[in-house]
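The values are calculated or read from the model by the stated rules, or taken from the named source; none is laboratory data. All figures in this text were calculated on a predicted structure; none of them were measured in a lab. Ideal geometry is used to build each Cβ from the backbone, glycine not excepted, and the neighbour counts take in all protein chains shown.
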């Protein structure tokens, strides 16, 4: 049962760290390391959740989940499964496997839905997008709304709307393109994916919603940082302020910038203070431990 | 790929400009300034049909295929816009944005534009 206990403790640790981590401001100083930590947290929580019931059910074998599964299969084949496991243990295994299968099916459906939407979007862009002088990977679409986004994939496309071009000056536009290319090149869609999948599995979880929001924010900040390599922070901040619904485009223009945009603008306009190398190293080690603990429990004897 | 895309765009423009279904030959004629090969246009029309941008129907003689745009340009723009604004109804983010900018009325106008069109077929049938 020690394995099952470990998984419960791990889940509790993950759940307890989401709130504080999401509300802290220090991750904003080094978004990349913070994103690594979030990935490890998500992985650890996912693995522990899936492994918990299996670990309970397979505890009589006294091995990790993976070798114990192999032993179970061998026992089933030999027709002596009830000598190895009690009915209660078997129920736990079956429910655990069913849960894992459901999660997997949901994940596959979610990913294929996203890929289908992207394919459709790319087709629409072929019809409606125009080439621009801003780069081979940039398409212009005639939309009345300010929009700038990237279609991720192996051949990523950055798309801007005609309204965006009207709204931004040349420098701001180039800064926005740099931001979008950072999303594309660092595959931020894949960083967001695990949290999308977890949220899909548990749509009503406030904790997961909070985690997904924090990760989305960090991804934006990371892309902002990449854009800052070539562009001035004031330029990017100006572009951001043009964009939100209360910006110069919006009728009335009274709506305040969203919390996220405000935070990003404020962050851009204050001097950068990345975390020290020591702290970052510590965070990387923490992330590795977080991810490896439940993973090792899958194979180590209990 | 880029050239094929340009041709797809040109073919759609031809179909949008015509009020009635057109044969491959007619599309080739309308594209005279590009001087495309008959088979190339046929390939492009097939591709467009696979993507549900174009519908294929038998002509009056019952043998030749005729092609017609599956929806107006505006409908496709509206569909694109819905995806851009993330209003298509799926939670799974297919695109990564610079910043969200959605005004409520805009979203309503778009939804109306999409639901008003009786000819429109759901894009995700396969």
> Pick from A:66, A:105, A:76: which is modelled with pLDDT of 90 or more and part of a helix (DSSP H, G or I)?
Replying inline: A:105
> Consider residue A:147 against the criteria (1) crowded, with 21+ Cβ neighbours inside 10 Å; (2) modelled with pLDDT of 90 or more: it satisfies all of them except one. Which criterion is unmet?
Replying inline: (2)
>> I'd like the residue in segment A:218-231 that is free of Cβ contacts under 8 Å to residues at least 60 places away in the same chain and in a loop (DSSP other than H, G, I, E, B) and, out of all such residues, is farthest from the chain's Cα centre (by Cα).
In response: A:230
> What residue, among those in segment A:61-84 that are farther than 17 Å from residue A:8 by Cβ and touching a helix residue (DSSP H, G or I) at 6+ places or on another chain (Cβ under 6 Å), is surrounded by the most Cβ atoms within 10 Å (Cβ to Cβ)?
Replying inline: A:68
> Scanning for something buried (at least 16 other Cβ atoms within 10 Å of the Cβ), within 14 Å of chain B (Cβ to nearest Cβ) and either under 19 Å from the mean Cα position of the chain (by Cα) or closer than 30 Å to residue B:47 by Cβ (or both), does segment A:87-104 turn up at least one residue?
Replying inline: no
> Taking segment A:144-163, which residues are touching a helix residue (DSSP H, G or I) at 6+ places or on another chain (Cβ under 7 Å), more than 7 Å from every other protein chain (Cβ to nearest Cβ) and not in a strand (DSSP E or B)?
Replying inline: A:144, A:153, A:156
>> Take residue A:168 and tell me if it is touching a residue at least 40 places away in the same chain (Cβ under 8 Å), crowded, with 19+ Cβ neighbours inside 10 Å and more than 9 Å from every other protein chain (Cβ to nearest Cβ).
In response: yes
> Among (1) within 10 Å of chain B (Cβ to nearest Cβ); (2) at pLDDT 90 or above; (3) touching a helix residue (DSSP H, G or I) at 6+ places or on another chain (Cβ under 7 Å); (4) surrounded by fewer than 20 Cβ atoms within 10 Å (Cβ to Cβ), where does residue A:187 come up short?
Replying inline: (3)
>> If residue A:211 meets every condition in (1) more than 10 Å from chain B (Cβ to nearest Cβ); (2) within 16 Å of residue A:147 (Cβ to Cβ) apart from one, which number is that one?
In response: (2)
> So which residues in segment B:43-69 are more than 14 Å from chain A (Cβ to nearest Cβ), buried (at least 17 other Cβ atoms within 10 Å of the Cβ) and assigned to a helix (DSSP H, G or I)?
Replying inline: none
>> Taking the condition of being more than 18 Å from residue A:175 (Cβ to Cβ) and either within 7 Å of chain B (Cβ to nearest Cβ) or outside any helix (DSSP H, G or I) (or both), how many residues in segment A:112-138 meet it?
In response: 16
> Of all residues in segment A:270-288, which are assigned to a loop (DSSP other than H, G, I, E, B) and surrounded by fewer than 14 Cβ atoms within 10 Å (Cβ to Cβ)?
Replying inline: A:270, A:271, A:272, A:273, A:274, A:276
>> For segment A:1-31, which positions are surrounded by 15 or more Cβ atoms within 10 Å (Cβ to Cβ) and either under 17 Å from residue A:283 (Cβ atoms) or modelled with pLDDT of 95 or more (or both)?
In response: A:13, A:14, A:17, A:18, A:21, A:22, A:27, A:28, A:29, A:30, A:31
